[in-house]
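The values are calculated or read from the model by the stated rules, or taken from the named source; none is laboratory data. The shown structure was predicted, so the numbers you read here are calculated from the model rather than taken from an experiment. Note: ideal-geometry Cβ built from the backbone for every residue, glycine included; neighbour counts use all protein chains shown. All accessible areas refer to the heavy atoms of the entire protein, side chains included, with ligands and DNA or RNA removed. Shrake-Rupley method; radii C 1.70, N 1.55, O 1.52, S 1.80 Å.
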Amino acid sequence: MAVDETGHAVVVGAGVSGLLAAHALARRFEQVTVVERDAVTDGPAEFRAGVPQSRHVHILWSRGLQALEELVPGVGADLEAAGAAVIDAPSQMRWLSPAGWFAGVPGARYLSVSREVLESTLRRRIVDRSAVTLMSRQEATGLLPAPGDTAVSGVRLRERGGGRESTLPASLVVVATGRSSRTAEWLLRLGYPVPAPERVDAHLGYSSRYYRRPVAGGPWRAMYLQGNPEVPRGGVIVPIDGDRWLVTLIGQGEHQPPVEEGAWLAFASSLRSPELSAALDGAEPLTDAVAFRATANEWTHFERAKRWPRGLVVTGDALCRFNPVYGHGMTVAALQAQAIAEQAAGREPAEIAARARETQRAVARCVKAAWLIATGEDARYPGTDGPKPGRFGRLQQDYLARVLVAANTDPVACEAFFAVLSLNRRPEALLTPRVAVRATRRRA
Ligand SMILES: Cc1cc2nc3c(=O)[nH]c(=O)nc-3n(C[C@H](O)[C@H](O)[C@H](O)COP(=O)(O)OP(=O)(O)OC[C@H]3O[C@@H](n4cnc5c(N)ncnc54)[C@H](O)[C@@H]3O)c2cc1C
């Protein structure tokens, strides 16, 4: 039999979820081809247009780092060698929550590195070391139906620049095309309608720029000033590779952070504390600011489609994207790659393709906790569009507000709060008696 009948998987998109899914499948497929519309080189880490969010703060929570390490052993050390920092929040991070400053006690770790270095490190570990090859400057334009229309049999491609069209057959296609994904439209063309996405939009805007990291280190390694419903403006400073700081300002609704130099600095000094602005005083900016506005939570429930073709899985932001302020997208992408690996384990390619629907359900399950956190928190803000919490939802919000107040000063509540925020534990962990007794003593 030809390889494409037995052992060829195609992954569309060479972002974090595409690379990790390809790596997970390389254990079972003879050949995995990652198709990417951008030009991707083996050279130094570079910005590319297909991942515009890379110029904004990207942290990888410890749950995601652990999943990454389990999937690609050794990658954590590579990242630290490339300049990534591992930081404990809040003990090593000045953090002003909506309720007040966190005390400097241990919470959860996260990895801070530029998105460009994260991706290039993953590419070096994944592409060409195994069965994975990368075809860059190839844009997928649709899915190929198999005879009988019950399966996907590959993808249609258009060469970037040249415009030459071609097809790439595969027994399994994984779509990881990120926030701009057109998967629902591709599926409809094959006669597979999917439900309209669930959407919660807090209308958050980001505006970010790079600074040279000052040599004299302060008492903290990173800083996060969160907004709250009264002052929905915030800012983050994280250290990244190249002895830089990446500084992101965040605002909701009419408080969108600007990009023009003077206005950007004025916004930085209008936050709930002057500490971030003071930290930037005298620090050398390396770039102008750039903005990002499309931050709505959006979940397309492919797993609920009435019919699903054999041989197709959708993952990463193409399946569900989150308000980025909670820092969950890449961790969920890593958990989804683990789910794909588990579903594929011990199975032949034909069986993996036949079980695409089960895999789609498994991948969708990885989304749930992050979705609950992001949409639950966003619902507190009056300008948020989406379903309003009912009576039970409001009780939940009140309880979580108390947990946050307790977490600000109490080490036990703080550890539980960050275990949930970092996706190390499920949200129910905040309901244990140890946490509940501390939370109910507090005023929301
Ligand atoms: C402003 C912002 C800040 C964020 N901060 C964080 C954070 O702190 N922590 C965190 O964990 N997550 C964060 N995220 C989320 C994170 O960026 C994503 O969840 C993560 O990148 C996984 O995305 P992905 O691989 O699914 O898609 P992407 O990274 O967007 O990659 C999609 C890839 O598919 C390619 N592509 C698209 N269409 C086609 C096509 N038709 N043919 C071929 N290739 C195609 C694109 O060029 C791109 O390379 C943030 C997101 C935003 C917007």
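General remarks:
- Inside the range 72-87, residues that are hydrophobic (A, V, I, L, M, F, W, C) and in contact with a Gly (Cβ under 9 Å, 6 or more places away or on another chain) make up a count of 2.
- A266 open to solvent by less than 20 Å² (accessible area, probe 1.4 Å) and of a type in the set (G, A, S): no
- Taking the criterion of being among the β-branched types (V, I, T) and in a helix (DSSP H, G or I), the residues of the range 400-444 that qualify are V403, V405, T409, V412, V420, V435, V437, T440.
- The set of residues in the range 189-208 that are under 30 Å from T248 (Cα atoms) and outside any strand (DSSP E or B) comprises P197, A202, H203.
- Residues of the range 209-227 satisfying the condition of being surrounded by 16 or more Cβ atoms within 10 Å (Cβ to Cβ) and not in a strand (DSSP E or B): R213, W220, R221, Q226, G227
- The strands (runs of 3 or more DSSP E) found entirely in the range 82-184 that carry 1 or more residues being open to solvent by 10 Å² or more (accessible area, probe 1.4 Å) and of a type in the set (D, E) are 85-89, 138-145, 152-159, 165-169.
- None of R321, R233 is among the basic types (K, R) and open to solvent by 50 Å² or more (accessible area, probe 1.4 Å) except R233.
- Where a residue in the range 416-444 is at pLDDT below 95 and its partner, wherever it lies, is acidic (D, E), with Cβ under 7 Å and at least six apart: R438/D410; A444/D398
- Counted residues, the range 421-441 - those being over 19 Å from L372 (Cα atoms) and open to solvent by 60 Å² or more (accessible area, probe 1.4 Å): 5
- Matching option when the condition is in the same structural domain as Q252 (by TED's automatic domain parsing) and either within 13 Å of the ligand (Cβ to nearest atom) or of a type in the set (V, I, T) (or both), among T300, T331, T287: T287
- The set of residues in the range 15-69 that are near the ligand (Cβ under 6 Å from one of its atoms), closer than 27 Å to A89 by Cα and assigned to a helix (DSSP H, G or I) comprises V16, S17, Q53.
- The range 46-75 - residue that is under 14 Å from the mean Cα position of the chain (by Cα) and of a type in the set (A, V, I, L, M, F, W, C) and, of those, modelled with the lowest pLDDT: V51
- For P193: the one exception among (1) touching a helix residue (DSSP H, G or I) at 6+ places or on another chain (Cβ under 8 Å); (2) within 16 Å of the ligand (Cβ to nearest atom): (2)
- Selection of the range 12-45 for residues being more than 18 Å from the chain's Cα centre (by Cα) and of a type in the set (V, I, T) yields V32, T33, V34, V35, V40, T41.
Matching residues to (1) farther than 27 Å from V247 by Cβ; (2) at pLDDT 95 or above; (3) among the charged types (D, E, K, R):
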{"site": "A318", "(1), (2), (3)": "yes, yes, no"}
{"site": "L335", "(1), (2), (3)": "yes, yes, no"}
{"site": "A344", "(1), (2), (3)": "yes, yes, no"}
{"site": "R355", "(1), (2), (3)": "yes, yes, yes"}
{"site": "C366", "(1), (2), (3)": "yes, yes, no"}
{"site": "G376", "(1), (2), (3)": "yes, no, no"}
{"site": "N408", "(1), (2), (3)": "no, no, no"}
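- A289 vs. criteria open to solvent by less than 30 Å² (accessible area, probe 1.4 Å), over 24 Å from A419 (Cα atoms) and over 23 Å from the mean Cα position of the chain (by Cα): no
- For the range 390-399, the criterion of being in a helix (DSSP H, G or I) and touching a residue at least 40 places away in the same chain (Cβ under 8 Å) is met by at least one residue.
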